[in-house]
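Student: Provided herewith is a single structure, encoded as structure tokens, for subsequent inquiry.
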Amino acid sequence: MSSTYILVAGDARISALVAAAPGATTAVVVGTRAVADAVATSGVGSVVWLGEPGDAPLEAFAGPVADLVAAAAPDVVLASTRPADRVLAGAVAARLGAPVHTMASKVEVHDGAAEVTRAVFGGIARQTLRTAGPVVVVVDGGTLGEGGSAPVEEVAAAPAPTVRVVETRAAERTQVDLGRAQRIVAVGRGLKAQEDVAVVEGLAAVLGAETACSRPLAEGVGWFTKDRYVGVTGQHVQPDLYVALGISGQLQHTVGARAAGTVVAVNTDASCPYFAEADYCVVGDLYAIAGALTDALR
Ligand SMILES: Cc1cc2nc3c(=O)[nH]c(=O)nc-3n(C[C@H](O)[C@H](O)[C@H](O)COP(=O)(O)OP(=O)(O)OC[C@H]3O[C@@H](n4cnc5c(N)ncnc54)[C@H](O)[C@@H]3O)c2cc1C
């Protein structure tokens with residue numbers, strides 16, 4: 001019979017994990033006893049409670065959790081998409097040398113191998129992967145489950161002393177919520193210099209739009225904050241108007257703006273991929289076009 005280990009890092013809302021798990025389920029909990037007890041009534045077969053992490057980061061429990069998983073050799077290890085669970089799952093996968101599959105919608109076991117169906121390219125396609133050997137799968141956690149009363153086994157686990165938290169700081173955030181913006185002027189690597197962001201801001205101002213960018217401008221050169229890049233790993237936006245200046249139109253970007261009403265792409269390259277899906281395609285220099293549009297609208 002197939003079996004699944006569910007990793008729980010302090011949050012007992014695992015109903016979707018239990019529903020997705022093939023075979024017999026064991027939950028491994030790093031967290032309070034209350035969390036372990038709540039997990040025990042969520043429909044799992046058994047619970048192993050490793051205690052509270054205290055000041056130790058979750059990564060410090062990767063060794064003990066991986067040892068438990070390796071000894072039991074389940075077909076699948078499941079974790080939720082919540083940040084803490086992903087941290088633990090990633091560290092455990094590294095210890096096990098196991099692949100991590102994200103965006104999973106279905107997990108099955110056939111002939112002793114895990115088969116995972118997952119969304120790819122921002123959800124426009126699906127892929128089914130078959131993995132022999134240990135595999136870690138990340139799915140939505142769900143809510144508090146109801147069902148049964150599994151035994152809770154307490155196992156003393158010492159966190160690795162080599163990993164410790166030396167500083168915790170609040171993340172730098174801006175107030176932008178691109179998901180609610182009615183109009184967006186986005187720019188890509190067609191922009192030549194950081195001071196030229198003013199050109200984009202000028203057009204956005206007269207349009208009453210938010211500014212946004214492709215990933216290289218946020219993750220690469222850092223001319224925009226990371227909450228302003230659109231795409232598969234960035235923001236998904238749905239404005240009435242999306243102006244894309246000097247953005248080539250790679251799938252990883254356009255997926256994030258597919259829900260836009262009208263897309264205007266400006267590019268010097270008449271064969272750029274964005275022109276295949278934009279509503280209005282302007283062949284030209286973004287500086288000249290943005291400047292002329294700003295003047296005209298003003
Ligand atoms: C796993 C993964 C996830 C990714 N996720 C994202 C994501 O979420 N969002 C994202 O944006 N990217 C993402 N990327 C990167 C993506 O594949 C592209 O590399 C990126 O979108 C390209 O950005 P760009 O269009 O600005 O740059 P380029 O592809 O370099 O295009 C620049 C464009 O500017 C044009 N241009 C140059 N000068 C001018 C000018 N003066 N006037 C007008 N046009 C000009 C050029 O003709 C060109 O078409 C991801 C990549 C990977 C591998």
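Student: Of all residues in the stretch 179-212, which are in contact (Cβ under 8 Å) with a residue 40 or more places away in the chain, more than 9 Å from the ligand (Cβ to nearest atom) and touching a Ser or Thr at 6+ places or on another chain (Cβ under 6 Å)?
Tutor: 185, 200, 202, 203, 206
Student: Against the definition (under 24 Å from residue 275 (Cα atoms), within 16 Å of the ligand (Cβ to nearest atom), touching a residue at least 24 places away in the same chain (Cβ under 8 Å) and assigned to a helix (DSSP H, G or I)), how does residue 252 come out, yes or no?
Tutor: So residue 252 passes the test.
Student: Out of all the residues in the stretch 1-32, which are within 13 Å of residue 65 (Cα to Cα) and hydroxyl-bearing (Ser, Thr, Tyr)?
Tutor: 5, 26
Student: Given the options 162, 211, 143, 233, name the one that is more than 30 Å from residue 22 (Cα to Cα), outside any strand (DSSP E or B) and β-branched (Val, Ile, Thr).
Tutor: 162
Student: Which residues, counting only those in the stretch 259-277, are surrounded by 16 or more Cβ atoms within 10 Å (Cβ to Cβ) and within 12 Å of the ligand (Cβ to nearest atom)? Reasoning before the result, please.
Tutor: Within the stretch 259-277, the subset surrounded by 16 or more Cβ atoms within 10 Å (Cβ to Cβ) is 260, 263-267, 272-275.
265, 266, 267, 272, 273, 274, 275 - these are the residues of the stretch 259-277 that are surrounded by 16 or more Cβ atoms within 10 Å (Cβ to Cβ) and within 12 Å of the ligand (Cβ to nearest atom).
Student: Does residue 179 satisfy the condition of being modelled with pLDDT under 95 and farther than 16 Å from residue 7 by Cβ?
Tutor: Numbers: modelled with pLDDT under 95: yes; farther than 16 Å from residue 7 by Cβ: yes.
Yes; evaluated as a whole, the condition is true for this residue.
Student: Suppose we filter the stretch 237-249 for residues that are within 9 Å of the ligand (Cβ to nearest atom) and assigned to a loop (DSSP other than H, G, I, E, B); how many remain?
Tutor: Residues in the stretch 237-249 being within 9 Å of the ligand (Cβ to nearest atom) and assigned to a loop (DSSP other than H, G, I, E, B): 4 in total.
Student: Name the single residue that is farthest from the ligand (Cβ to nearest atom) among those in the stretch 213-232 being under 16 Å from the mean Cα position of the chain (by Cα) and surrounded by 20 or more Cβ atoms within 10 Å (Cβ to Cβ). So that I can check it myself, show each step before the final result.
Tutor: Step one: filter the stretch 213-232 for residues under 16 Å from the mean Cα position of the chain (by Cα), giving 215, 219, 226-232.
Right, trim to surrounded by 20 or more Cβ atoms within 10 Å (Cβ to Cβ) and you get 215, 228-231.
Values: 215: 3, 228: 11, 229: 5, 230: 6, 231: 2 Å.
Residue satisfying both the conditions and the ranking: 228.
The values are calculated or read from the model by the stated rules, or taken from the named source; none is laboratory data. Everything numeric here is computed off the predicted structure, so don't read it as measured data. Methodologically, a virtual Cβ is constructed for each residue, glycine included, from the backbone with ideal geometry; neighbour enumeration extends over all protein chains shown.
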